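To start, the structure under review is shown below, and the notes come after it.
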Amino acid sequence: MSALLKVDDVTVSFDGFRALDHLTLTLEAGELRCLVGPNGAGKTTLQDVITGKTRPTSGKVHFDGRDITRLPEHVIVGLGVGRKFQRPTVFPGHTVFENLELSLHGSKAVTRNLFARLTAEERQAIDGTLDLIGLSDLRAKAAGLLSHGQKQWLEIGMLLVQQPKLLLVDEPVAGMTQAEIERTAEILASLAGKHTVVVVEHDMDFVRSIARTVTVLHEGRVLAEGPMKDVQADPQVIEVYLGA
Amino acid sequence: MTPALARLRAWLGPHLNTGIIAILCVIVSIVVPICNAVVPESSALHVPDFFVTVIGKLTCYAIVAVAMDLVWGYAGILSLCHALFFALGGYAMGMYLMRSIGKQGMYASDLPDFMVFLDWKELPWYWYGFDHFWFAALMALLVPGVIAYVFGFFAFRSRIGGVYFSIVTQALTFAAMLLFFRNATGFGGNNGLTDFKRILGYPLREPSTRAVLCALAGAGLALAYALCRAVVGSRAGRVLTAMRDVEPKVRFCGYDTVRYKLFAWTLSAVLCGFAGALYVPQVGIINPSEMQPSSSVEIAIWVAVGGRGTLAGAAIGALLVNGLKSWLTAAFPAAWLYVLGTLFVVVTLAMPGGIMQLIGMGPRAWNVLSRFRTPGVKVDASVVGSPSSAPPPAVTLVDDKASSASAGGAAGS
Ligand SMILES: Nc1ncnc2c1ncn2[C@@H]1O[C@H](COP(=O)(O)OP(=O)(O)OP(=O)(O)O)[C@@H](O)[C@H]1O
Ligand SMILES: [Mg+2]
């Protein structure tokens, strides 16, 4: 048993409305999991709970053997949970390079960062990531001026330099061209094994191209879980999607 | 622009702000005192005594403005109680100056005059230690620092931000003003502390003492600027600006934003206390009216006029707005508040980057953001990660074509 993440019977209610309803989910280390479901199924809320942005009404979240249910966001990040938001979120006034610098794995204390200098290794890590996400030539450009797809990649790059054990990626290919989508699939697939990755995505071609296991959420509950083929054939899943 | 000029400008770019402050500081700490004390009065270059004090006073305001820019321009925290921190520093120094009057007060008592007047028999405990200059100087930094830290700790931890934070800071300075107005509080009530005689044994009336104080204010501005420049140039400074733009994301990069805010906030308050301590010996009085809510609003206006997020712009704004104020309140006393209000509205609407942007020296971040702040494009932190107000179209697991189309739709939402 090497469960990296255990979401145990978690309920989140917003004024009585249950965005997550007694949801239980287990992730093994090194897994690449796709999370699908219609709008409002609770996919983003689940990531909010795991990262400490939203506190569950009941239930527990364990990461790497630790109870992280009530920890603040930055502590959870420090334990090794990285996140890419649904809307691409980068620091618009900073350059691409600085965006990556701020995301680097390492000490996040004020006193350290007042005197921090980039080490050769850190610089290498940033350069390598810039190559990987194809933004090397734009390193000095302000991130706010990037195109939508470039921002998506920058945000994925920011996740990579953070070296998290668990990556939560919300809709990474929204707004990307077909070529960009394929490249993103490659990057994410190459991460599995070393990292544990959870991808939320609406683009089914994309999900099919990377997924090994798919979890379908519906109205805050797990509707189906398993290999893509089985899930797609599940009558309940078809019903929910056609009914939506 | 010729290539040589362009190259010169590129090289100068990052140093221009520092250059402006350096020139200012040389003028305030060297040129003005020398032209006052050394150049004979008959010379056209002579600087009159009253002018030395005006310059020294404005320089103290410039320090406050630089401190304000650190929290507002860089960390995005709009403080409307910086005049309180300034006044607290001023009071600490004022207490020393009161104690150093000795028995030369009106009542020839060992106690400050206002205490004799109130019929107090002994010094309240919180006046102990202020006989010593070093103690008062320390308190001028420590008291605003500690108050800012404690206040900031609770406010930032409860995630009070934006306009709510600004309103709470107004309440704080207002409450402090009411407290200081009371005679029983022990700081001279509405008259405050005044009638100072000497500092460290030097008579405050002497022009030479005034010239030295002015020079010190210039050095203080240099110090405050250097400190703030070092902070904003560090990685911690980049965290501050990142927090100003998209705070939730900074947390998800692993930073404890409460600590970063507290750091900038407390440092800024300490610098204000420092400025207040330099200010009071020059103007010879400190009273609770300095804590008026409107004083703090004025500080924000100086910074807005000069240009946020440049440090040097804040100093320039403080000098220009206060210069204008000195002139207008003498020439057209009734007009000042209207002018100030108009200035603020015009700057906010027409030139959000202030004077610095007008002269092409706005901060990089500002240039980007102003281009960014076109209608429909938001960089507002509040939207990050929250459920989208306009949800992307429904998706079908079965129909692949529709799903890729909706992915494009989601991007636009
Ligand atoms: N802070 C909140 N307050 C109230 N309701 C919320 C809040 N956050 C989410 N919800 C609701 O919870 C439900 C689940 O939202 P969530 O964002 O998790 O869905 P999702 O699966 O990510 O959908 P999408 O595919 O549109 O991104 C939605 O009905 C949403 O309106
Ligand atoms: Mg979502």
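The values are calculated or read from the model by the stated rules, or taken from the named source; none is laboratory data. A quick note: this is a predicted structure, and the numbers were derived from the prediction, not measured. With ideal geometry, Cβ positions are generated from the backbone for all residues, glycine too; neighbour counts draw on all protein chains shown. Accessible surface is based on the protein model in full, side chains and every heavy atom, while ligands, DNA and RNA are left aside. Shrake-Rupley method; radii C 1.70, N 1.55, O 1.52, S 1.80 Å.
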Query raised in the report: Do any residues in the stretch B:291-308 that are open to solvent by less than 10 Å² (accessible area, probe 1.4 Å) and modelled with pLDDT of 95 or more have Cβ atoms under 6 Å from those of residues that are hydrophobic (A, V, I, L, M, F, W, C) and not in a helix (DSSP H, G or I), where the two are at least six apart or on different chains, and which pairs are they?
Result: B:S296/B:L80; B:S296/B:C81
Query raised in the report: So which residues in the stretch A:20-54 are assigned to a loop (DSSP other than H, G, I, E, B), more than 14 Å from ligand 2 (Cβ to nearest atom) and among the basic types (K, R)?
Result: none
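A quick yes/no check of all residues on (1) closer than 29 Å to A:T45 by Cβ; (2) of a type in the set (F, W, Y); (3) outside any helix (DSSP H, G or I); (4) open to solvent by 10 Å² or more (accessible area, probe 1.4 Å):
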{"residue": "A:P88", "(1), (2), (3), (4)": "yes, no, yes, yes"}
{"residue": "A:L102", "(1), (2), (3), (4)": "yes, no, no, no"}
{"residue": "A:R112", "(1), (2), (3), (4)": "no, no, no, yes"}
{"residue": "A:D127", "(1), (2), (3), (4)": "no, no, no, yes"}
{"residue": "A:D137", "(1), (2), (3), (4)": "no, no, no, yes"}
{"residue": "A:A140", "(1), (2), (3), (4)": "no, no, yes, yes"}
Query raised in the report: Can you name the residue in the stretch A:10-19 that is part of a strand (DSSP E or B) and more than 21 Å from the chain's Cα centre (by Cα) and, of all such residues, is farthest from A:H62 (Cα to Cα)?
Result: A:F17
Query - Verdict on B:T342 being farther than 20 Å from B:F86 by Cα, hydroxyl-bearing (S, T, Y), surrounded by fewer than 22 Cβ atoms within 10 Å (Cβ to Cβ) and out of contact with any His (no Cβ under 6 Å at 6 or more places or on another chain) - result: yes
Requested in this report: Using the structure shown, decide if B:A224 is in contact with a Leu (Cβ under 7 Å, 6 or more places away or on another chain), farther than 17 Å from B:Y149 by Cβ and either touching a residue at least 40 places away in the same chain (Cβ under 8 Å) or open to solvent by 20 Å² or more (accessible area, probe 1.4 Å) (or both).
Outcome: yes
Query - Residues of the stretch A:85-97 satisfying the condition of being in contact (Cβ under 8 Å) with a residue 24 or more places away in the chain and within 9 Å of chain B (Cβ to nearest Cβ) - result: A:F85, A:Q86, A:P88, A:T89, A:V90, A:F91, A:P92, A:G93, A:H94, A:T95
Report task. Could you list, in sequence order, all residues of the stretch A:68-86 that are part of a loop (DSSP other than H, G, I, E, B) and either away from ligand 2 (no atom under 16 Å from the Cβ) or open to solvent by 20 Å² or more (accessible area, probe 1.4 Å) (or both)? Result -> A:I68, A:T69, A:R70, A:L71, A:P72, A:G80, A:Q86
Query raised in the report: Out of all the residues in the stretch A:156-185, which are within 11 Å of another protein chain (Cβ to nearest Cβ), within 16 Å of ligand 1 (Cβ to nearest atom) and not small (G, A, S)?
Result: A:L168, A:D170, A:E171, A:P172, A:V173
Report summary line: Selection over the stretch A:201-228 where residues are of a type in the set (K, R) and modelled with pLDDT under 85 yields a count of 2
Query raised in the report: Looking at A:P92, is it under 30 Å from A:L135 (Cα atoms), in contact with a Phe, Trp or Tyr (Cβ under 8 Å, 6 or more places away or on another chain) and assigned to a loop (DSSP other than H, G, I, E, B)?
Result: yes
Report summary line: Residue pairs qualifying under the 9 Å Cβ cut-off, at least six apart or on distinct chains, with the first in the stretch A:33-61 being within 16 Å of B:R251 (Cα to Cα) and within 11 Å of ligand 1 (Cβ to nearest atom) and the second being assigned to a helix (DSSP H, G or I) and aromatic (F, W, Y), are A:K53/B:F252
Report summary line: Of the listed residues (A:G226, A:G193), the one being away from ligand 1 (no atom under 16 Å from the Cβ) and either under 27 Å from B:D256 (Cα atoms) or free of Cβ contacts under 8 Å to residues at least 60 places away in the same chain (or both) is A:G226
Report summary line: Reported set for the stretch A:1-54 where residues are within 14 Å of A:R221 (Cβ to Cβ), among the hydroxyl-bearing types (S, T, Y) and either buried (at least 22 other Cβ atoms within 10 Å of the Cβ) or touching a Leu at 6+ places or on another chain (Cβ under 7 Å) (or both) is A:T11, A:T45
Report summary line: Filtering the stretch B:63-76 down to residues that are part of a loop (DSSP other than H, G, I, E, B) and either in contact with a Cys (Cβ under 6 Å, 6 or more places away or on another chain) or open to solvent by less than 10 Å² (accessible area, probe 1.4 Å) (or both) yields B:A75
Query raised in the report: What is the residue count in the stretch B:227-239 for residues that are more than 9 Å from chain A (Cβ to nearest Cβ) and surrounded by 23 or more Cβ atoms within 10 Å (Cβ to Cβ)?
Result: 1
**Report entry** In the stretch B:240-276, residue surrounded by the fewest Cβ atoms within 10 Å (Cβ to Cβ) [restricted to those that are acidic (D, E) and facing another protein chain (nearest Cβ under 10 Å)]
**Finding:** B:D256
Query raised in the report: Residues in the stretch A:55-67: is at least one away from ligand 2 (no atom under 16 Å from the Cβ), open to solvent by less than 20 Å² (accessible area, probe 1.4 Å) and on the phi > 0 side of the Ramachandran plot?
Result: no
Query - Filtered residues of the stretch A:21-35 (kept if in contact with a Lys or Arg (Cβ under 8 Å, 6 or more places away or on another chain) and within 14 Å of chain B (Cβ to nearest Cβ)) - result: A:L35
